[in-house]
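Novice: Got a structure for you, written out below as C-alpha cells; questions coming shortly.
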Amino acid sequence: MSASTPIRPVLPPDIKARKGGVPLVVLTSYTTPMARLVDPHCDIALVGDSVGMVLHGLPSTVGVTMEMMVLHGRAVVRGLTKAMAVIDMPFGSYEEGPQQAFRSAARLMAETGAPAVKLEGGVHMAETIAFLTARGVPVMAHIGLTPQSVNTLGGYKVVGRDDEAAKVMADAKAVQAAGAFSVVLEKVPEGLSGRITAELSIPTIGIGAGVDCDGQVLVIDDMLGLFTDFRPKFVKRYAELGKTADAAIADYAAEVRARTFPAPEHAFPDVLKAKP
Ligand code: KIV
C-alpha cells in the first residue's frame, strides 16, 4: 500500500465476510488513547457498557446511560483509523420495542460516528433486530450471559449447560435470521459455542466461550491487568499494568515526600544561558 492510499475503516459487511476465516480480534475501548492503542491490532473496538463498571465504579451495567455511551463512543471513534467501533445500547434504551430501539440506535450512531450497535438478547429481541437492520442499523447481537439481565439471571453464571443449550442455540439462530451481522457468545460452554459457530453463517465472537468461535473479545482493562482484585477464569492477563502503576505511584509519592522530585532537570532555570 502506498503512503497516499487512504485506510478504509472496517465496516459490518467486512466483519460478516470473515466467517470461518482468520479469527476476529476485538477489545473494548472507552477513551481516545486506548482506542489509538487498539486500532492497529484489532478488527473491532467495542465501546462496551462495561465502561460503567470499569471506569465509573458502578456495581453492574444496569446504571449505564445513553449520555455515557455517547461520550465514550465519541472519544473512541476519534482514536480509530482502521478498526470498527461498535457501541453497546445501554439497559433501558431498547427493550420497550423496535421504535424505541431505533431512536436510541440512530442517536448513538449519529452522535458518535460508530457504524454499528450491540444489544443483548436472543429470540425475544429478534423482532427489534429485524426492525433495526431493515432501517440501516447494523446490529451485533449478544447472547448467553447477558450482563444487563444480571438481576433476573441471579449472577454472572455460565449459560447453556444441560437443558439451557437448546435455548442458547435457538437464540443464536433467531438473531442471525433477524439480520445481525455477528453475535457475541458470553460464558457459553465451549462444546455448545463450537456447535453454534458451525451452524451459523455469521461470525461468533466469544468471551468465556472457548476457542472455536470466529473471534474473541475481552475487556481491555482485564487483559492488561489493570485490576488487582478481579480475575475471572476466562481472562488471560497479557500484562500486569495495575502492579506497574502501583509501583510507579508509590515511587512518586516517596520522592515527593523526600524532595527528590522534581530534580533540577524537571525545573525551569530563572535565566537562560546565552549560547557561545
Ligand atoms: O460491555 C462489554 O464490555 C461487553 C463485552 C464483555 C462483550 O459487552
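Only the coordinates and a few stated rules stand behind these numbers; no lab work does. For clarity, every value in this text was computed on a predicted model and none was experimentally measured. In this analysis, Cβ positions are derived from the backbone assuming ideal geometry, glycine residues included, and neighbour counts consider all displayed protein chains.
Novice: At q = 0.18, 0.23, 0.29 Å⁻¹, what is the log10 ratio I(q)/I(0) for region 59-123, with the Debye formula run over Cα points and no solvent?
Specialist: Taking Cα atoms of region 59-123 as identical point scatterers yields -0.63, -0.96, -1.32.
Novice: Let me ask something additional. Beyond 26 Å, how much of the Cα-Cα pair distribution for region 1-147 remains, as a whole percent?
Specialist: For region 1-147, the share of Cα pairs beyond 26 Å comes to 22 percent.
Novice: Principal axes first, then extents: for the Cα atoms of region 154-204, list largest minus smallest coordinate on each axis, whole Å, largest first.
Specialist: Cα spread of region 154-204 along its principal axes, largest to smallest: 29, 20, 15 Å.
Novice: Still on this structure, I have one more. Less than 13 Å Cβ to Cβ from Leu108, Lys/Arg counted +1 and Asp/Glu -1: what total charge do the surrounding residues give?
Specialist: 0
Novice: Something else about it: Quick one: putting +1 on the C-beta of Lys and Arg, -1 on the C-beta of Asp and Glu, what dipole do you get for region 12-240 around its Cα centre, in Debye to the nearest 20?
Specialist: 400
Novice: Using only the alpha-carbon atoms, how far is helix 66-78 inclined from the longest principal axis of the chain? Give it as 0 to 90 degrees, nearest 10.
Specialist: Once rounded, one gets 60 degrees.
Novice: So if the hydrodynamic radius of region 127-253 is defined as the Kirkwood radius over C-alpha pairs, what does Stokes-Einstein give as its diffusion coefficient at 4 °C and 1.567 mPa s, in µm² per second?
Specialist: Here the translational diffusion coefficient equals 80 µm²/s.
Novice: Continuing with the same structure: Need one word for region 211-256: rounded, prolate or oblate. Basis is the Cα gyration tensor (sqrt eigenvalues a ≥ b ≥ c); a/c below 1.5 gives rounded, then a/b vs b/c decides.
Specialist: It comes out prolate by the Cα gyration axes.
Novice: Please compute P(r) over all alpha-carbon pairs of region 10-84, binned at 5 Å starting from zero, and give each bin as a whole-number percent.
Specialist: It works out to 3, 17, 24, 21, 17, 11, 6, 1, in whole percents.
Novice: Kindly state, as a whole number, the per residue volume in cubic angstrom of the convex hull around the alpha carbon atoms of region 70-159.
Specialist: Cα convex hull per residue, to the nearest whole number: 106 Å³.
Novice: Excluding residues on the same chain fewer than 8 positions from Lys19, give the lysines whose Cα lies under 17 Å from its Cα.
Specialist: Partners found: Lys173.
Novice: Could you tell me the relative contact order of region 12-240? Use alpha-carbon pairs under 8 Å, at least six residues apart, and round to a whole percent.
Specialist: 18
Novice: Hey, another quick one. Looking at the P(r) of region 12-240, how many percent of alpha-carbon pairs lie beyond 22 Å?
Specialist: That fraction is 46 percent.
Novice: Just tell me which lysines come within less than 17 Å, Cα to Cα, of Lys233; anything on the same chain fewer than 8 places away is out.
Specialist: Result set, ordered by chain and number: Lys157, Lys187.
Novice: Report the trypsin sites (Lys or Arg not before Pro) located in region 242-276 that are in a DSSP loop and have at most 15 other Cβ atoms inside 10 Å of their Cβ, or state none.
Specialist: Sites meeting the loop and neighbour criteria: Arg259, Lys273.
Novice: Let me ask something additional. When we measure straight from the Cα of Lys82, which aspartates and glutamates land under 17 angstrom away, once same-chain ones fewer than 8 places off are left out?
Specialist: Asp14, Asp39, Asp43
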